[in-house]
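Student: Input: one structure, supplied below.
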Amino acid sequence: MNGAVQSDPETPTHPGKDRIEVDGLALAAKTKVYLVLNKPRGVVTTASDEKGRETVYAYLPKNLPWLAPVGRLDKASEGLLLLTNDSEWAARITAPETHLDKTYHVQIRAVADHGLLHAVHDGVQTSEGDFLRAKNARLVRRGKQNSWLEIILDEGRNRHIRRMFENLKIEVLRLMRVAIGPLALGELLKGATRVLTRDEKQALDRAMQ
């Protein structure tokens, strides 16, 4: 380091000031990338798929460092998906204790009423022993046979919303994540990506404090 050999792995360093080399090669801090993808329906949230299905990586720009999805959206779900190479930040986004709200628009094969909204808010006990509930649920619009609901979760279990409605004997037709905390999907086109702005990253960080 700085021209001197250091054998103590706990030697303090100062990023941007100290020059660190290993076998004569300079080490540089990895640039952190925070990307938003509007995940299309039918795409899997993995790097590769044993069944040959299309993955979210088909939609990422070229020449980026390796990025990992922050949480998951199942194959039939769509909408806002974050990807990053900042594993510590990703863990905070998905940690249950963070209680970061995730907002979904859900189309169901049922005409929603106040009773159904209360049932979703009060929660259901599954046969697997999980208690699934929504932090908030409201009607967005209602048709003759279907309804669109806005569901907010502050925790995320596997297939949380789908399993919740399965236990209420209601079919989920579409499920779209439209926001994570203060970050909204907005007008981002299906399959398109963009980089988080500095303000958006800071707003997410504040929401997790």
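Student: Condition (residue is in the same structural domain as Lys169 (by TED's automatic domain parsing) and assigned to a helix (DSSP H, G or I)) applied to segment 76-89: is it met by at least one residue?
Tutor: no
Student: Could you list, in sequence order, the residues of segment 182-196 that are part of a loop (DSSP other than H, G, I, E, B) and touching a strand residue (DSSP E or B) at 6+ places or on another chain (Cβ under 8 Å)?
Tutor: Within segment 182-196, Leu185, Leu188, Leu189, Lys190, Gly191, Ala192, Leu196 meet the criteria.
Student: Something else about it: Got at least one residue in segment 141-154 being assigned to a loop (DSSP other than H, G, I, E, B) and within 24 Å of Leu185 (Cα to Cα)?
Tutor: Yes, that holds for at least one residue.
Student: Moving on. Picking from Thr193, Thr197, which residue would you name as being surrounded by fewer than 16 Cβ atoms within 10 Å (Cβ to Cβ), hydroxyl-bearing (Ser, Thr, Tyr) and within 26 Å of Ala58 (Cα to Cα)?
Tutor: Thr197
Student: Name the residue that is surrounded by the fewest Cβ atoms within 10 Å (Cβ to Cβ), counting only residues in segment 61-95 that are farther than 19 Å from Thr31 by Cα and over 13 Å from the mean Cα position of the chain (by Cα).
Tutor: By that ranking, first place goes to Ala76.
Student: Also, I was wondering about something else. Do we find a residue being outside any loop (DSSP other than H, G, I, E, B) and more than 21 Å from Leu153 (Cβ to Cβ) anywhere in segment 172-181?
Tutor: no
Student: Criterion first (basic (Lys, Arg), more than 19 Å from the chain's Cα centre (by Cα) and either surrounded by fewer than 16 Cβ atoms within 10 Å (Cβ to Cβ) or not in a loop (DSSP other than H, G, I, E, B) (or both)) does Arg138 satisfy it?
Tutor: Yes.
Student: Which ones in segment 96-105 are closer than 15 Å to Ala203 by Cβ and surrounded by fewer than 19 Cβ atoms within 10 Å (Cβ to Cβ)?
Tutor: Passing the criteria: Thr98, Asp101.
Student: Within the group Val195, Val124, which residue is at pLDDT 95 or above and among the β-branched types (Val, Ile, Thr)?
Tutor: Result of the check over Val195, Val124: Val195.
Student: Considering only segment 154-189, state which residues are over 17 Å from the mean Cα position of the chain (by Cα) and without any contact (Cβ under 8 Å) to a residue 12 or more places away in the chain.
Tutor: The answer is Glu166, Lys169, Glu187.
Student: Continuing with the same structure: Filter segment 98-143 for residues that are among the hydroxyl-bearing types (Ser, Thr, Tyr) and closer than 16 Å to Lys169 by Cβ and give the result.
Tutor: Within segment 98-143, Thr126, Ser127 meet the criteria.
Student: Exactly one of these conditions fails for Ala58: (1) at pLDDT below 90; (2) closer than 22 Å to Met176 by Cα; (3) exposed (fewer than 10 other Cβ atoms within 10 Å of the Cβ). Give me its number.
Tutor: Tallying (1) at pLDDT below 90; (2) closer than 22 Å to Met176 by Cα; (3) exposed (fewer than 10 other Cβ atoms within 10 Å of the Cβ), Ala58 fails exactly one: (1).
Student: Restricting attention to segment 94-101, does a residue exist that is outside any loop (DSSP other than H, G, I, E, B) and either touching a strand residue (DSSP E or B) at 6+ places or on another chain (Cβ under 6 Å) or basic (Lys, Arg) (or both)?
Tutor: Looking for residues that are outside any loop (DSSP other than H, G, I, E, B) and either touching a strand residue (DSSP E or B) at 6+ places or on another chain (Cβ under 6 Å) or basic (Lys, Arg) (or both), one finds none in segment 94-101, hence no.
The values are calculated or read from the model by the stated rules, or taken from the named source; none is laboratory data. Here the structure is a predicted model, which is why all the values come from computation and not from measurement. Cβ: placed from backbone, ideal geometry, glycine included. Neighbour counts: every protein chain shown.
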